[in-house]
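A short worksheet on the structure shown next.
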Amino acid sequence: MYDRLRERMVSAQIEARGIEDPAVLKALRKVERHRFVLEESREHAYEDHAMSIGLGQTISQPYVVAAMSEALELEAGMKVLEIGTGSGYQAAVLAEMGAVVHTIEIVPDLARRSAALLAELGYGSVKVVEGDGYLGLPEEAPFDRVIITAAPPKTPQPPLDQLVEGGLMVLPVGEHRQDLVVLKKTPSGVVRRDLFRVRFVPMVHGKGY
Ligand code: SAH
């Protein structure tokens, strides 16, 4: 049943809206999204919206996961930092696309739960770190790509500093509703491209931010 729902999700929500990257489509066809939601809501896992995963957090809408994954312009073997592990679903999609994934989550229970689930589902190569992703992950820098799946009011500088030159960072920026943006780090500065409006949970960080 889930295989059929997943196939329908990819054709009706993802391909129909113009996502073309074959690696993204293949990963979304493969990763068992229903395993990343609460057990009682598995039957809804392939619907066209974000969902609660408990602890006040959400798993993003499938289309948003697909669009962000495509915007990363990933090549197999690239080193990627995800900030906001949540359920672990986006991390699994990136791993399925051949990326070397480091993901950081500020809620300890979620970091533990998602690390265990990713390992159980065969994504044990994904490194899950508990901590404040606002600071990036300096001990593993530099990264070819950074994806932020919680919304900061403005772009956090540390993860941008930890990006290679020519690297891309995809993130929602703003309060309440956000712009999904792609930042490219070039020798002459950061170039911004806006995709569309989104709504993510806020990025948590210390006082005065
Ligand atoms: N990518 C996730 C969805 C993310 S929901 C998925 O595929 O399911 C946003 C997540 O970001 C939440 O789990 C929240 O706890 C986390 N978060 C918020 N602020 C953070 C921070 N400063 N560092 C790391 N994670 C953070």
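Go through region 32-48 residue by residue and tally those that are in a helix (DSSP H, G or I), charged (D, E, K, R) and more than 12 Å from the ligand (Cβ to nearest atom). Step through it out loud before you land on a result.
Just the residues of region 32-48 that are in a helix (DSSP H, G or I), to begin with: 33-36, 39-44.
Subset that is charged (D, E, K, R): 33, 35, 39-40, 42-43.
Okay, now just the ones that are also more than 12 Å from the ligand (Cβ to nearest atom), so 39-40, 42-43.
Qualifying residue count, region 32-48: 4.
State all residues of region 35-55 that are more than 17 Å from Ser11 (Cβ to Cβ), more than 16 Å from the chain's Cα centre (by Cα) and of a type outside the set (Lys, Arg); if no residue qualifies, say none.
Leu38, Glu39, Glu40, Ser41, Glu43, His44, Gly54, Leu55
Can you name the residue in region 196-209 that is within 13 Å of the ligand (Cβ to nearest atom) and in a strand (DSSP E or B) and, of all such residues, is surrounded by the fewest Cβ atoms within 10 Å (Cβ to Cβ)?
Pro202
Failed condition for Val129, given (1) near the ligand (Cβ under 10 Å from one of its atoms); (2) in contact (Cβ under 8 Å) with a residue 40 or more places away in the chain; (3) touching a His at 6+ places or on another chain (Cβ under 8 Å), with all others met?
Result: Val129 fails condition (2) only.
A short reminder: the numbers here are calculations on the coordinates, not readings from a lab. A quick note: this is a predicted structure, and the numbers were derived from the prediction, not measured. Cβ sites come from the backbone with ideal geometry, for glycine too, and all protein chains shown count toward neighbours.
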